[in-house]
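Okay, so here's the structure we're looking at.
The values are calculated or read from the model by the stated rules, or taken from the named source; none is laboratory data. The structure displayed is predicted, hence computed values, not measured ones. Neighbour counts run over all protein chains shown; Cβ positions are idealised from the backbone, glycine included.
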Amino acid sequence: MTVTKTDSKNGIKIYYVEKDIEDDVLEKNAGKKLNRKQIKTIIDHDADVFTADGRLLIRFRKAVLNKSHMDAFYENIIDFANKETSNRGIASGSKKRSVGSNPKIKSNIFGYFDGWSPRQKMVFTKKGHKIPIAIRECTFNRDDPEKYQKTIPLITDIDLQYKKLAPEYYQKQIQKANQTHFRIGKTSFTTVTTNVNWQSTLHTDKGDDPEGFGNLAVLERGIYEGGETCFLQYGIGVNVRMGDVLFMDVHQYHANLPIIKKTADTTRLSIVCYLRIRVWKNSANKSRKFFERHNKTMKNILSKKK
């Protein structure tokens, strides 16, 4: 990390940084895993990081999330989060478009999504149902609504931190969220991605609100080292641990370092909350009645729990 200037305000360390790697070189590393030697600086304290042109890159705060909400989230999501999937494309190290050919990892989503899987389309066809508008409840909240409700307090905590720490981005995102019933609670988020013990490769986030700002929280069981979230271009990483929250520009290339387990039961559950832009576009200003009717119809057709 090339630091051009540092400052401090109200106990928050402020960094201004320049690129260590040019854009064309960085893009050639997309889909590759990072190692600790590539990262010059790991931040483990309250900090704000700005690029040389004044854009916010990172806003990190330690120990700000509610423990009981974290525990409730973990206990109710962990069985679902431990399911293996192959849907993360370049972030899982794959450059193939075919979902079935991607590496299997424990990365799952809940909340609302903006597409139908081939299997779901097959079910619609088999049952003689026209493929509906591309918006749906995810399996977890559709089939386990009681568990889903117990995850919402932590998601609300993250939303409140978002409003406090990145208000200029939050206001644009919450305006969109307020236009749809397909969102999580009263937050600015439609969707959550969970990752278990997974080292993502260098990637940028896609499908989220381009006017919004990304976030990351981590829930832990057992003991481990590593897993820091890093921006290779700036040679900087952040050690996000239990209770911390990281806000970051996810539209710049990022990845996390290897997770080194120190106990057999180690679980690092990372949580990313966001607004899927097509969920908003497909449902903006649809009525509450439409929301309820659509969800009921989809549950009757697709749910395994009836």
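One residue stands out among those in region 1-59 that are farther than 26 Å from Gly243 by Cα and among the small types (Gly, Ala, Ser): the one that is surrounded by the fewest Cβ atoms within 10 Å (Cβ to Cβ), which is Gly54.
If I filter region 48-68 for residues that are farther than 30 Å from Pro103 by Cα and in a helix (DSSP H, G or I), do I get at least one hit? Yes, region 48-68 contains a residue that is farther than 30 Å from Pro103 by Cα and in a helix (DSSP H, G or I). Every condition in (1) under 19 Å from Ser107 (Cα atoms); (2) touching a Leu at 6+ places or on another chain (Cβ under 6 Å); (3) among the polar types (S, T, N, Q) is met by Gln233 except one, and the failing one is (1). When region 264-278 is filtered for residues that are surrounded by fewer than 22 Cβ atoms within 10 Å (Cβ to Cβ) and either among the aromatic types (Phe, Trp, Tyr) or modelled with pLDDT of 95 or more (or both), the ones remaining, listed by number, are Thr266, Thr267, Val272, Ile277, Arg278.
Filter region 110-151 down to the residues that are in contact with a Lys or Arg (Cβ under 9 Å, 6 or more places away or on another chain) and of a type in the set (A, V, I, L, M), then identify the one that is farthest from Phe189 (Cα to Cα). Here the residue is Ile131. The residues in region 110-148 that are of a type in the set (Gly, Ala, Ser), in a loop (DSSP other than H, G, I, E, B) and surrounded by 14 or more Cβ atoms within 10 Å (Cβ to Cβ) can be counted, and the count is 2. Please verify whether region 236-259 includes one or more residues that are of a type in the set (Asp, Glu), under 30 Å from Glu220 (Cβ atoms) and in contact with a Gly (Cβ under 6 Å, 6 or more places away or on another chain). Within region 236-259, not a single residue is of a type in the set (Asp, Glu), under 30 Å from Glu220 (Cβ atoms) and in contact with a Gly (Cβ under 6 Å, 6 or more places away or on another chain).
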